[in-house]
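A.B. asks: This is the structure I have questions about; it appears just below.
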Amino acid sequence: MSILRSIATKFYRLRMKISKQTGLGIGITTNKMKIDSPESFYSFVATSNSGEVVNFEEFRGKKILLVNLASQCGFTPQYKELEQLYRQDKDEITILGFPSNDFGGQEPGTDEEIEDFCKINFGVTFPLFHKDHVTGNNKQPVYRWLTDATKNGWNNREPSWNFYKYLIDEKGNLDKIFSSSVSPIEIFKKDLH
């Protein structure tokens, strides 16, 4: 573990506590009009980190939390919270992890290295996808959908950092967006029950 990552990890709890108490860095955007997506979320396929093609139709009827991930970020301890959320409510929600090196070069590893890191350090069992871009002109198709109102019905906002979260409802509509400073456990407490 790098010294920088070790320091960031140690201060994670304090950082999240300060964000929660002060509201600093916390951003939650909601599809208030409950607009249905013009383009179906379930029409997508994406490549897993092991090279398998995953058809998103298999997630129909569940809430889905999509998260862009990085192994060397101050928010990396959220892997543990994401896994906890995934395990405790697997029948209602699935977590889809999309590693990306778009922010601060904090995900330099290969797909295999990322998977090993996630399993060894956090026991991750939720689906991980091929490392790809989540911002800019070359972002992968799912993130094009998440960040284009003509496709999802209301949102044009790209992730602003690692561990940015998008919540899809049971009908395949983009429901909410959570900034990196929103704990996955808080999402579970407030938005899933």
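Computed from the coordinates by the stated procedures, all read-outs in this text should not be read as laboratory data. Quantities reported herein were computed from a predicted structural model and do not represent experimental measurements. Heads up, the Cβs are rebuilt from the backbone with ideal geometry, glycines too, and the neighbour counts pull from every protein chain shown.
A.B. asks: Got a sec? Charge dipole of the range 48-136, +1 on Cβ for Lys and Arg, -1 for Asp and Glu; which of Leu128, Tyr86, Gly97 is way out at the positive end?
C.D. replies: Selected residue: Tyr86.
A.B. asks: Long-range amide H contacts for Val124: which residues qualify at under 5 Å (H placed 1.01 Å from N, peptide plane, sequence gap of 5 or more or a different chain)?
C.D. replies: HN-HN under 5 Å from Val124: Lys119.
A.B. asks: Given +1 on the Cβ of Lys and Arg, -1 on the Cβ of Asp and Glu, and no further charges, what dipole in debye does the range 3-191 carry about its Cα centre, rounded to the nearest 20?
C.D. replies: 920
A.B. asks: Next question, about the same structure. Pop out the ³J(HN,Hα) list for the range 121-130 in order, Karplus 6.51 cos²θ - 1.76 cosθ + 1.60 with θ = phi - 60°, rounded to Hz; leave Gly and Pro as x.
C.D. replies: After applying 6.51 cos²θ - 1.76 cosθ + 1.60, I find 8, 10, x, 4, 10, 6, x, 10, 10, 4 Hz.
A.B. asks: Going by amide H atoms built from the backbone, whose H comes under 5 Å of the H on Leu96, apart from near neighbours?
C.D. replies: Amide H neighbours of Leu96, under 5 Å, 5+ apart: Leu65, Leu66, Val67.
A.B. asks: Now for a separate question. Which ³J(HN,Hα) values in Hz, rounded to whole numbers, follow from the phi angles of the range 140-157 under the Karplus curve 6.51 cos²θ - 1.76 cosθ + 1.60, where θ = phi - 60° and Gly and Pro get x?
C.D. replies: With coefficients 6.51, -1.76 and 1.60, one gets 5, x, 5, 6, 5, 5, 4, 10, 9, 4, 6, 9, 9, x, 7, 10, 10, 7 Hz.
A.B. asks: Hey, what do the phi angles of the range 94-101 turn into as Karplus ³J(HN,Hα) couplings, whole Hz, using 6.51/-1.76/1.60 and θ = phi - 60°, x for Gly and Pro?
C.D. replies: 10, 9, 10, x, 10, x, 8, 9
A.B. asks: Give me Glu81, Glu115 sorted ascending by neighbouring Cβ count inside 10 Å, so fewest comes first.
C.D. replies: With the fewest neighbours first, Glu81, Glu115 line up as Glu115, Glu81.
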